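Before any comments, here is the structure.
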Amino acid sequence: MNIKVLGAHNCERQDQKLVSLLVDGVLAIDAGSLTSSLSLEEQRKIRAVLLTHQHYDHVRDIPALAMNLFLGGAATRIYSIPAALDVLAGNLLNDEIYPDFRQKPEHNPTLKFTIIEPHKAELIEGYTVLAVPVRHGVPTVGYQVTSGDGKSVFYTGDTGPGLAECWRRVSPQLLIIEVTSSDKYAEWAGESGHLAPSLLKQELISFQKVNGYLPRVVTVHMNPDLEEEIAVEVAAVAKELGCSITLAYEGMEISI
Ligand SMILES: [Zn+2]
Ligand SMILES: [Zn+2]
């Protein structure tokens, strides 16, 4: 399985993009930087997009992707929980801010919305996809994606601390987890449904307790202004726990 990090941050700058992952070129997870990172040809290869939650930085490129696909006569499926699909349809695809590509063109709509139920594994484009609720200010799920050869990645989406229940449901080789802020703002992070390195450490200890091992860890959703501090603090956590933790960056490719 090849995972490409299209966007690794929580704020956009010239060289930093909002979170999006692309699995084997066909399965996208979150949509913060799908159109700005991919050629038209690459966008047309996306067979499905999994959305973790409704926040703008995670759904933003769905309308832009839809317009590109519509103009080229292509289509894709958008999977998420009802809250995220409702907010997306009601606010970004409402025929006011942009067309409702769920109805357009009439006979083969560009976007097909599909509700995904937490804790129920689904076969999507040849991958087994399991949505697992995490802890954020709005309903949010992380996704474990497992390929036919048994390789699996779990991406948390945005989450705060308290993932013990989640760890009981997943056992990936690769964990892509959010670390939004440095420890200077750990209290704010925890309260607002995000993680800082010290909170990440607690979650990894919890993962190990439940699963008996630590996976390779890659962090995303970093605040660009805090990234240098996050890198130093995350390196200390990795050393302490004796595991590999890497900060993601735009264009990073991970093979598992
Ligand atoms: Zn969020
Ligand atoms: Zn976010």
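Per residue, the accessible area of the chain comes to 42 Å², computed with a 1.4 Å probe over protein heavy atoms only. Take every pair of alpha-carbon atoms less than 8 Å apart whose residues are at least six positions apart; their mean separation over the length of the chain yields a relative contact order of 17 percent.
Only bridges whose two residues both fall in the range 130-256 count here: according to DSSP, what percent of them are antiparallel, nearest 5? Numbers along the way, then the final one.
Numbers: 8 of 19 bridges.
Counting DSSP beta bridges with both partners in the range 130-256, the antiparallel share is about 40 percent.
Largest first and in whole Å, the equivalent-ellipsoid semi-axes of the range 172-251 read 19, 14, 11, each the square root of five times a Cα gyration tensor eigenvalue. A protection proxy built from the mean count of other Cβ atoms within 10 Å ranks the segments 109-116, 28-35, most packed first, as 28-35, 109-116. Within the chain, antiparallel bridges make up roughly 50 percent of the DSSP beta bridges whose residues both belong there. Each of L123, G137, G73 was placed along the dipole of the range 71-139 (beta-carbon charges, centred on the mean Cα), and the one lying farthest toward the positive end is L123.
Here the chain is treated as a Stokes sphere of Kirkwood radius computed over C-alpha pairs; at 20 °C and 1.002 mPa s its diffusion coefficient rounds to 118 µm²/s.
The radius of gyration of the Cα set in the range 104-167, together with its Dmax, comes out at 14.3, 45 angstrom. Full extension of the chain between E165 and R216 yields a length gain of 16.4 nm, computed as 0.36 nm times the residue separation minus the alpha carbon distance.
The number of Lys pairs in the chain with C-alpha atoms less than 23 Å apart, excluding pairs fewer than 8 positions apart on the same chain, is 16. Modelled this way, with points 7 Å down the Cα-to-C-beta line, the labels at I256 and Q208 are 1.9 nm from one another. For the range 1-97, with all protein chains present and a 1.4 Å probe, just round the carbon and sulfur fraction of the accessible area to a whole percent. With neighbouring chains kept in place, the figure for the range 1-97 is 46 percent. Restricting the calculation to Cα atoms, the range 1-145 yields a radius of gyration followed by a Dmax of 14.1, 39 Å.
Using amide H atoms built 1.01 Å from N in the peptide plane, name the residues 5+ places from L195, or on other chains, whose amide H lies under 5 Å from its own. Result for L195 returns T159, T180, S181.
Basic side chains Lys and Arg get +1 at the Cβ, acidic Asp and Glu get -1 at the Cβ, and with that the dipole of the chain about its Cα centre reaches some 780 debye.
How large a share of the accessible area of the range 129-218, in percent, is made up of carbon and sulfur atoms when the probe is 1.4 Å and the other protein chains stay in place? Don't jump to the answer; show the numbers that get you there.
Details: 1600 of 3260 Å².
Within the range 129-218, the accessible surface is 49 percent carbon and sulfur.
Considering only V5, A236, S181, and ranking their Cα positions along the charge dipole of the chain that arises from unit charges at the beta-carbon of Lys, Arg, Asp and Glu, the one farthest toward the positive end is V5. Structural size metrics of the range 102-248, computed from C-alpha coordinates, are Rg and Dmax of 16.6, 57 Å.
The values are calculated or read from the model by the stated rules, or taken from the named source; none is laboratory data. From a predicted model like this one, the values you see are computed outputs, not experimental measurements. Glycine gets a Cβ as well: all are built from the backbone with ideal geometry, and neighbour counts include every protein chain shown. These accessible areas exclude ligands, DNA and RNA; they are computed on the full protein's heavy atoms, side chains included. Shrake-Rupley method; radii C 1.70, N 1.55, O 1.52, S 1.80 Å.
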